[in-house]
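Worksheet for the structure shown next.
Please treat every number below as a calculation from the coordinates, not as lab data. Owing to the predicted nature of the structure, the values given are computational and were not obtained by experimental measurement. Here the Cβ is made from the backbone with ideal geometry for all residues, glycine too, and neighbour counts use every protein chain on show.
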Amino acid sequence: MTTTLPEDTGTSETLNEVVSGDLLRFATAGSVDDGKSTLIGRLLFDSKSIFADQLESVEQVSKDRGNDYADLSLLTDGLRAEREQGITIDVAYRYFATPKRKFIIADTPGHTQYTRNMVTGASTADVALILVDARKGVVEQSRRHTFLATLLGVPHVVVCVNKMDLVDYDEQVFEQIRAEFTEFASRLRVPDLTFIPVSALVGDNVVTRSEKMPWFDGSPLLSHLERLHVASDRNLVDVRFPVQYVIRPQQTDARDYRGYAGTVASGVMKPGDRVLALPAGLETTIESIDTADGPVAEAYPPMSVTVRLADEIDISRGDMICRPNNAPTVTQDVDAQICWMDESASLVQGKKYAIKHTTRWARAMVKTISYRVDVNTLHRDEEATEIKLNEIARIKMRVTKPLFVDSYQANRQTGAFILVDEATNKTVAAGMIGGPAHQY
Amino acid sequence: MKSHVLSQLRSLEAESIHIMREVVAEMERPCLLFSGGKDSIVMLHLAVKAFAPARVPFPIMHVDTGLNFQTVLDCRDRWVERTGVQLVVASVQEGIDRGLVQEEPNGSRNRIQTPVLLEAVEKHGFDALFGGGRRDEEKARAKERVFSFRDDFGQWDPKNQRPEIWSLYNGRVHQGESIRVFPLSNWTELDIWAYLEAEEIDLPDLYLAKEREVVERGGMLFEVNGFTPLKEGETAEVRSTRYRTVGDANLTACVESAATTLHGVVEEVAAVRLTERGATRGDDKVSEAAMEDRKKEGYF
Ligand SMILES: Nc1nc2c(ncn2[C@@H]2O[C@H](COP(=O)(O)OP(=O)(O)O)[C@@H](O)[C@H]2O)c(=O)[nH]1
Ligand SMILES: [Mg+2]
């Protein structure tokens with residue numbers, strides 16, 4: 001075993017920062033064996049987020065299997081089937097924190113048959129971390145993962161060219177991959193694209209700068225993730241407050257209270273603001289924004305608050321509060337890209353599903369399958385008549401109740417929905433409203 | 001200019017509140033599983049915040065193993081008194097007496113609480129159960145959904161979980177099926193302690209260090225008391241200790257600690273090198289896949 005625990009440094013000076021930094025969510029993607037699990041293990045290990053008993057169990061299992069290195073991928077490959085087969089088959093969430101921020105990692109598997117898992121992991125991610133094996137270069141899967149990241153509106157993409165130790169830390173290899181990747185990514189809308197040459201196994205450019213690649217003048221992965229500016233990715237312009245629950249205490253001490261509880265989807269709300277309630281179409285003013293700790297001066301995403309309004313309007317769960325001059329589209333016709341997630345049945349024209357959009361449930365009927373996208377070549381098949389597991393398609397639906405929507409590109413909260421099979425109750429699709437985000 | 005960035009603790013708090021409100025809005029009969037440990041106390045505190053100024057709109061259930069620390073019961077009763085929440089108790093001892101379950105040879109009632117829990121759930125018709133599980137606790141939990149579907153036997157099938165995309169949770173179930181909901185999924189042990197400190201939350205005093213008479217067994221420290229009396233040939237000693245987690249009183253160990261305040265605990269937790277289960281829960285050590293197996297049976 002070559003792994004030793006990192007030095008224990010005092011943490012108490014930085015403790016207040018450890019818990020007061022912000023939150024960054026990232027999703028990993030790569031083909032099988034590109035080194036995702038190893039890279040995550042390395043991040044956890046080098047940032048001292050691995051506990052001694054976890055490491056002990058990893059070392060023991062590695063030894064039993066006759067490995068030379070402690071296999072850090074065992075830290076994330078949790079379910080028995082995965083450990084036995086040595087592959088990742090579901091989304092696993094991992095956590096670590098540095099003095100700058102807390103990180104939530106969604107570790108998603110790479111095979112085509114797990115596209116739905118990557119979609120799940122990417123749905124809430126601020127950053128997509130895409131691994132490329134330096135020896136193999138850009139492969140079909142790299143394109144698919146980048147496409148899915150942009151489809152899910154992930155604002156930052158970081159490409160880690162891994163296993164640099166196996167190509168003699170050669171700058172030419174890295175540059176060639178960067179050029180090829182940049183070329184195809186230009187056909188997708190990637191707002192922020194960064195390349196880092198790493199060795200997950202050895203630790204080059206993961207947490208500490210590699211001395212073996214002096215030609216690379218960028219930051220190691222962890223400092224890049226620590227410094228990424230994600231606050232500006234949030235939509236603070238369009239006020240959208242989907243009403244989640246009406247708080248109306250049946251108690252003598254608060255009999256007249258009526259508040260609309262919910263999570264701010266986007267925009268900044270303040271007491272005194274004029275607002276519009278949908279679908280009622282009535283205007284009023286925000287009287288107060290309450291929390292259990294008292295009223296607040298403003299509310300912004302992702303705060304959970306309770307809004308009280310100046311006038312008595314009939315508002316219930318599934319309704320939307322916005323600004324009179326900036327409202328979402330009210331519609332029963334939805335044009336969206338979907339990722340199909342059900343293995344037992346496919347999506348076909350004419351079929352009906354339950355739809356959940358923000359806090360609103362309705363029923364939806366598939367009117368048209370406009371086309372299916374080949375996730376590897378980005379080719380559109382307009383003849384497609386059914387959409388199967390892990391396939392991406394553009395569809396048109398008619399919904400039984402009006403929804404209050406924005407395009408997914410403008411708003412990841414009010415542009416998203418899920419479809420649920422009414423017989424099995426399974427979540428069968430993730431949907432993104434609006435025109436294509438890509439020129440392919 | 002304001003930055004409009006929520007700190008990580010407030011982000012986690014907001015997410016948990018969102019989850020609890022979704023459950024209350026969509027499910028028929030939710031219930032919060034309350035063990036009296038710090039995670040379930042944080043959950044109850046969040047529930048109080050989510051529905052203020054109204055009372056918590058669902059009951060809490062304590063699966064009483066009969067192996068409780070008295071200070072945990074006292075703390076539970078203070079919470080019930082203060083919040084006015086309705087308390088349901090499901091007794092494992094009663095389950096043993098009725099022949100529903102049998103005492104296990106090692107004295108652990110961890111496994112046999114599952115049938116008692118499932119029976120109570122059925123009797124009360126609960127269709128959503130809040131649990132305090134966190135994904136950082138253990139490998140099998142790392143893949144658990146926030147809304148975790150259970151069939152009508154209460155079983156979890158890790159290969160067949162509902163996809164969970166954005167925060168659009170799907171709690172739809174058929175008669176007899178239910179969901180377990182984990183509002184603390186994304187919290188780590190350190191987050192919990194930091195939050196307990198920040199919010200000055202009422203906890204059983206065994207979470208804080210004091211001089212306790214203890215005996216060392218298999219590398220773990222057990223307090224000498226009615227549940228864990230001194231065995232022949234053992235010698236007790238007095239050490240300053242606290243508990244990191246609260247399970248059966250006859251099996252839960254304490255750790256050496258000088259932390260007599262929550263702030264002290266936060267500092268120690270930030271520096272530790274053992275997961276809380278690895279350190280102090282005799283019952284989880286059994287095998288690499290122990291937790292995965294128990295979860296499949298319907299345990300949390
Ligand atoms: N030489 C070398 N091997 C690596 C590196 N990263 C990962 N590996 C090895 O590649 C194999 C697959 O890694 P794993 O992390 O399981 O890949 P995953 O399928 O993407 O999760 C394992 O044998 C790793 O030890 C690296 O940077 N250099
Ligand atoms: Mg893996």
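Less than 5 angstrom separates the built amide H of A:Arg317 from those of A:Val246, all sequence-distant by 5 or more or on a different chain. Build a GNM of chain B with springs between Cα atoms under 10 Å apart, and of B:Thr228, B:Thr114, B:Thr245 the one that fluctuates most is B:Thr228.
Cβ-Cβ distance of A:Val296 and B:Arg29, R₀ of 35 Å, FRET efficiency by 1/(1 + (r/R0)^6): the value works out to about 0.60.
Working from Cα pairs under 8 Å separated by at least six residues, relative contact order for chain A is 12 percent. Highest-first packing order for the peptide set B:95-108, A:280-293 is A:280-293, B:95-108, based on the mean count of other beta carbon atoms within 10 Å. For the charge dipole of the protein assembly as shown, defined by +1 on Lys and Arg C-beta atoms and -1 on Asp and Glu C-beta atoms about the Cα centroid, which residue among B:Val265, A:Pro155, A:Val167 has the Cα displaced farthest towards the positive pole? Checked the options; the winner is A:Pro155.
Each of B:Gln155 and A:Glu287 was given a label point 7 Å from its Cα along the Cα-to-Cβ line. The distance between the two points is 5.3 nm. Each Lys or Arg adds one and each Asp or Glu takes one away; over the other residues whose Cβ falls under 10 Å from the Cβ of B:Met27, this sums to -2. Only Lys, Arg, Asp and Glu carry charge here, each on its Cβ (+1 for the first two, -1 for the last two); on that basis the stretch A:237-330 has a dipole of about 180 debye about its Cα centre. Shielding of peptide B:243-250 by partners, expressed as the average count of other chain Cβ atoms within 10 Å per residue Cβ, is 0.
Electrostatic tally near B:Gln175: other residues with Cβ closer than 10 Å to its Cβ, Lys and Arg +1, Asp and Glu -1, net -3. Peptide B:16-29 shows a mean partner chain C-beta count of 4 within 10 Å per residue C-beta. Seen from A:Leu282, the other residues with C-beta closer than 12 Å to its C-beta sum to a net charge of -4, counting Lys and Arg as +1 and Asp and Glu as -1. Of all the options A:Asp238, A:Asp335, A:Asp314, the one that moves most in a Gaussian network model of chain A with Cα springs shorter than 10 angstrom is A:Asp314.
The amide H of B:Trp166, built 1.01 Å from its N in the peptide plane, has A:Ser123, A:Thr124 as neighbours under 5 Å, considering only residues 5 or more places off or on other chains. Sites counted here are trypsin sites (Lys or Arg not before Pro) in a DSSP loop (not H, G, I, E or B) having no more than 10 other Cβ atoms within 10 Å; the longest part of chain A that contains none of them is A:66-254. Our Cα-only numbers for chain A put the radius of gyration and Dmax at 23.9, 75 Å. Here the dipole of chain A is about 1560 debye; that uses its Cα centre as origin and unit charges on the Cβ of Lys and Arg (positive) and Asp and Glu (negative). In summary, the helical segments of chain B meeting the span-like criteria, namely a full DSSP H run, a Cα extent along the axis of 18 angstrom or more and a mean Kyte-Doolittle hydropathy of at least 0.5, are B:38-51. The count of lysine pairs in chain B whose Cα atoms are under 19 Å apart, excluding pairs fewer than 8 places apart on the same chain, comes to 13.
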